[in-house]
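Peer 1: Right, I'll just put the structure down here and ask away after.
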Amino acid sequence: ETMAGLDSFGFELSTVQGESTILRNLELVGVIGSVQRPNSFEATITAKVAIVEVSVDIIGIGSQIWVTDPLSSDKTYIDVTGSTGDSTEAQELSNLINPDRLLLAAASRVKNAIVDGTEDIDGVETTRVVGVVDLSELANMAGGTPIAGIDILTLGEMPVTLWIDGDGQLISLELEGPLTSAESPNVVRRLDLFEFNEPVQIDAPENVS
């Protein structure tokens, strides 16, 4: 309930264990960005191509998604949404990168939750909660509509750990298990949240090719 009441927040998404691949051939290293509710986000994705590390900027506003070309020398955005506005690639990126689309929704549906002690995270005293989440329930909430790019029917229950501060704010979340076929079976993703309700302004890019 506390998280649902926020207007904006910053986030960092990292791959703690295993491998995750996006945009066909980029191995995801980490993501840092901001969310402006109700439906906008921006982020910088750090990824690897072979042994080379590259950065990709992404902006999402509503159903529209723009990304920069990691192989281009200038910061020109590409509209990956498609002419119909329902590009699977764009939706997959949004589901995996924007924490408001999947991870925070998952945090609100943790089952068999158990308080597992307290932990100091960057000077903040938090309560650690462990449980499981079944992401297929999110699809059921949407009338059985598949979540683009997510292997929702094969997920089942996934272990999840939450770190919650004294104000009821979710500070960190770790989810164990792959969401797509491009991820290794042992993948663990971590979401860190900060800068709650700090001013954020996300606009569509002007330099779109």
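The values are calculated or read from the model by the stated rules, or taken from the named source; none is laboratory data. These numbers come from a predicted model, not from an experiment. Counting neighbours? That spans all protein chains shown, and the Cβs are built from the backbone with ideal geometry, glycine included. These area figures cover heavy atoms from the full protein model, side chains too; ligands, DNA and RNA do not enter into them. Shrake-Rupley method; radii C 1.70, N 1.55, O 1.52, S 1.80 Å.
Peer 1: Could you order 120, 57 by accessible surface area, starting with the largest, using a probe radius of 1.4 Å? Don't jump to the answer; show the numbers that get you there.
Peer 2: On the way: 120 95, 57 25 Å².
From most exposed to least exposed: 120, 57.
Peer 1: If I build a Gaussian network model for the chain, linking alpha-carbon pairs within less than 10 angstrom, which residue out of 191, 71, 173 has the largest mean-square fluctuation?
Peer 2: Of the options given, 71 has the highest mean-square fluctuation.
Peer 1: Using a 1.4 Å probe and counting only protein heavy atoms, arrange 116, 192, 203 so the residue with the most accessible area comes first. Write out the running numbers ahead of the final one.
Peer 2: Working: 116 70, 192 40, 203 95 Å².
Accessible-area ranking of 116, 192, 203, largest first: 203, 116, 192.
Peer 1: What nm value, rounded to one decimal, do you get for the distance between residue 198 and residue 186 when each label is placed 7 Å out toward the C-beta?
Peer 2: Simple spin-label model gives 3.5 nm for this pair.
Peer 1: Can you give the longest stretch of the chain with no exposed loop site, where a site means GluC sites (Glu not before Pro) in a DSSP loop (not H, G, I, E or B) with at most 10 other C-beta atoms within 10 Å?
Peer 2: Values: sites that count: 1, 206.
In the chain, the maximal stretch lacking such sites is 2-205.
Peer 1: Under 10 °C and 1.306 mPa s, how fast does the chain diffuse according to Stokes-Einstein, given a Kirkwood radius computed over C-alpha pairs? Answer in µm²/s, whole number.
Peer 2: Values: Rh = 17.7 Å.
The calculation lands on 90 µm²/s.
Peer 1: Another question, if that's okay. Please state the equivalent ellipsoid semi-axes for segment 1-100: what are the square roots of 5 times the Cα gyration tensor eigenvalues, largest first, in whole Å? The partial results should precede the final answer.
Peer 2: Working: eigenvalues 96, 62, 29 Å².
The equivalent ellipsoid of segment 1-100 has semi-axes of 22, 18, 12 Å.
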